[in-house]
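Engineer: Sharing a structure below in structure tokens format, with a few things to ask.
The values are calculated or read from the model by the stated rules, or taken from the named source; none is laboratory data. Since the structure is predicted, the reported quantities are computational estimates derived from the model, not experimental observations. Virtual Cβ from ideal backbone geometry, glycine too; neighbours counted across all protein chains shown. Heads up: the accessible areas ignore ligands, DNA and RNA and are worked out on the full protein's heavy atoms, side chains in. Shrake-Rupley method; radii C 1.70, N 1.55, O 1.52, S 1.80 Å.
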Amino acid sequence: MTGRYSNKKRSESFDIKRNRSQSIDKTSLWKGALTKKLDNNVIIQMVGMESANHTVYARVDPDCGQSVTLGKVIEVMVDEGWRHAVKDILEKGLHVENETYPSAAELLKLGAVWLLNETDYCADHNAHARRLCQSDEMETPDWKDMTLRVHYVPERFFVAYEVDWTNYCKGLLLDGCTSAYIGGVKQHVPMLGLPDKKDGALVYEDNDVGYVVLNKPGGMPTNSTKTNHAEDVLSMYSAALKERHGVETDTKHLSIPIRAETEMHGLLLVSTKKEFCSYINEQFSARNSNPAADNIIGVTKTYRCLVCIKNPSDIDRIEKLMNRDLTHWVNVKSPCPKKFVRSKPINTPNIDWQKCVMRITNVGDEKFRAACVASKYNDTNDSTLAHRLWGPQMERPAEDLGVSYVMQIDVQLLTAKPHQIRGQLAAMGCPIVGDYAYGGGSCEMRIHHHMWQRMAVQLCHLEFAMPEWNAEKTALIPSDKKCAFHLNTAWWTDYLYDYEMHL
């Protein structure tokens, strides 16, 4: 492959534009851009921008008057023969593993490439951009006013491939590890929905009412991100529906009415009909508007957490807090980690402090309240548990974090605020295991040469009023029966079981 590139001073025009609200001159965007000349006198310009995703803006020089497909421009940027050009404007001497560079086809499949209008961008850096897919590869835009934004190293969520999104959970068959009750009747797994090698993600599916309950893996988002439109829950389940029912499957409405954080795993509702989405949002709002009322079913969610205990006395302290409303205040607009405080600060009129209320409903396991993870007693079992939770990279992970014990608790949220469980537990001195931002250390999971972070928090119980259609079949209304779903095991359950067996 022939061609040459000119490594001029890296342009910072796109960087500057990110932090300014005023409009800028369009021609200034490409000053100092790196250029690549192809055989047919086509010149491709590239500008790098500092970001975690290694963002590159690229276009065909409009002065050359050539028509070039989107796929060709992306190919120049990322394929092996040209890769050194982009590395010059992104890496700045830092080593990046080659396997982290997706090919042009992979970038399009992941949704890491966007097409934007330069005139609109110069007027407003938040202007609309169009996410490209594989079918857009042969499109030839007007390069006089169009630019590609390519996230050269997109976020990856490899855990998405560790479950079978078309089949049911194995836990539905194994001693009640997973259960689904509709109107008080236990549901059974269809024989055609049994998983094969990988565990299935489905817990329950109701095509008439229009919803699905999934067992979401931790380490993947519920919805697409700016750099990845393929490895989120909604995209994976949508692809599974098309695989199961055919490409022409109608998935016009597919949404997640109650989202979960990327690190969280467990039960997750997916709406397949807009009527159910409206229904569950109304039920959720009803519960939030009066969380203390026992006569309102609404939506009840229980989270299972494994928390860090620094002092043995904290075990008794937390146990005494059971079934009490625990209140904190948080500025929801603050960056992560958010600060949760016991009392609402005064004389802060410009800060929107919001009330957070949760309730601890269960503490400890049936046979022990907490498990020791400190290795100062030279107990191999304790040390093994610590390394299984936080990974083998550190010699003494629990001591490095100042943690003596871990304890499993169940928590119900009576309000719904960002990072509420994580922040409230951290404010109480017992951060969640694996919650690095709030002091719980880092738990790495490695499978098939890939690594992701996981956190010891799981939505283990989900309950809401069983919906039924009204007489006109135009809306769903609550009945006097319930839909209840439960998970008895989490990713750390086997670790605690092995610990118990060696006591």
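Engineer: Evaluate region 433-445: report whether one residue or more is open to solvent by less than 40 Å² (accessible area, probe 1.4 Å), among the hydrophobic types (A, V, I, L, M, F, W, C) and touching a helix residue (DSSP H, G or I) at 6+ places or on another chain (Cβ under 6 Å).
Structural biologist: Yes, there is a match, as at least one residue in region 433-445 is open to solvent by less than 40 Å² (accessible area, probe 1.4 Å), among the hydrophobic types (A, V, I, L, M, F, W, C) and touching a helix residue (DSSP H, G or I) at 6+ places or on another chain (Cβ under 6 Å).
Engineer: Output the residues belonging to region 375-412 that are modelled with pLDDT under 85 and crowded, with 19+ Cβ neighbours inside 10 Å.
Structural biologist: The answer is SER375, ASP382, SER383.
Engineer: Would you pick out the residues in region 167-186 that are modelled with pLDDT of 90 or more and in contact with a helix residue (DSSP H, G or I) (Cβ under 9 Å, 6 or more places away or on another chain)?
Structural biologist: Result: ASN167, TYR168, THR178, SER179, ALA180.
Engineer: Still on this structure, please answer the following. Name the residues in region 163-186 that are of a type in the set (S, T, N, Q) and closer than 14 Å to TYR204 by Cβ, would you? It would help to see each step written out before you state the result.
Structural biologist: Narrowing region 163-186 to residues of a type in the set (S, T, N, Q): 166-167, 178-179.
Passing the criteria: ASN167, THR178, SER179.
Engineer: Given LEU462, LEU496, which one is hydrophobic (A, V, I, L, M, F, W, C), under 22 Å from CYS305 (Cα atoms) and assigned to a strand (DSSP E or B)?
Structural biologist: Criteria check complete, one pass: LEU462.
Engineer: Which residues, taken from region 101-131, are part of a helix (DSSP H, G or I) and open to solvent by 40 Å² or more (accessible area, probe 1.4 Å)? Talk me through it step by step, then tell me what you get.
Structural biologist: If we filter region 101-131 for residues that are part of a helix (DSSP H, G or I), which is where we start, we get 104-110, 118-123.
Once the filter is applied, which keeps residues that are part of a helix (DSSP H, G or I) and open to solvent by 40 Å² or more (accessible area, probe 1.4 Å), region 101-131 yields ALA105, GLU106, LYS109, THR119, ASP120, ALA123.
Engineer: Exactly one of (1) out of contact with any Cys (no Cβ under 7 Å at 6 or more places or on another chain); (2) closer than 19 Å to ILE432 by Cα; (3) among the acidic types (Asp, Glu) is unmet by ASP352. Its number?
Structural biologist: (2)
Engineer: Could you list, in sequence order, the residues of region 324-363 that are part of a loop (DSSP other than H, G, I, E, B), touching a His at 6+ places or on another chain (Cβ under 7 Å) and open to solvent by less than 40 Å² (accessible area, probe 1.4 Å)?
Structural biologist: Scanning region 324-363 gives a single hit, LYS338.
Engineer: Does LEU194 satisfy being closer than 27 Å to PHE276 by Cα and surrounded by fewer than 17 Cβ atoms within 10 Å (Cβ to Cβ)? Can you show your working first?
Structural biologist: Numbers: closer than 27 Å to PHE276 by Cα: yes; surrounded by fewer than 17 Cβ atoms within 10 Å (Cβ to Cβ): yes.
When the stated conditions are applied, LEU194 passes them.
Engineer: Quick one: count up the residues across region 342-376 that are within 27 Å of VAL406 (Cα to Cα), touching a Pro at 6+ places or on another chain (Cβ under 7 Å) and free of Cβ contacts under 8 Å to residues at least 40 places away in the same chain.
Structural biologist: Applying the first criterion (within 27 Å of VAL406 (Cα to Cα)) to region 342-376 yields 342, 356-376.
Those left that are additionally touching a Pro at 6+ places or on another chain (Cβ under 7 Å): 357.
Applying the additional criterion that residues be free of Cβ contacts under 8 Å to residues at least 40 places away in the same chain yields none.
Total meeting the criteria: 0.
Matching residues to (1) of a type in the set (Ser, Thr, Tyr); (2) more than 23 Å from the chain's Cα centre (by Cα); (3) part of a strand (DSSP E or B):
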site: ASP142; (1), (2), (3): no, yes, no
site: GLU155; (1), (2), (3): no, no, no
site: VAL159; (1), (2), (3): no, no, no
site: TRP165; (1), (2), (3): no, no, yes
site: GLY176; (1), (2), (3): no, yes, no
site: TYR204; (1), (2), (3): yes, no, yes
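Engineer: Working only within region 144-164, note down all residues that are in contact with a strand residue (DSSP E or B) (Cβ under 8 Å, 6 or more places away or on another chain), of a type outside the set (Val, Ile, Thr) and open to solvent by 10 Å² or more (accessible area, probe 1.4 Å).
Structural biologist: Selection gives ASP145, MET146, ARG149, ARG156, PHE157, PHE158, GLU162, ASP164.
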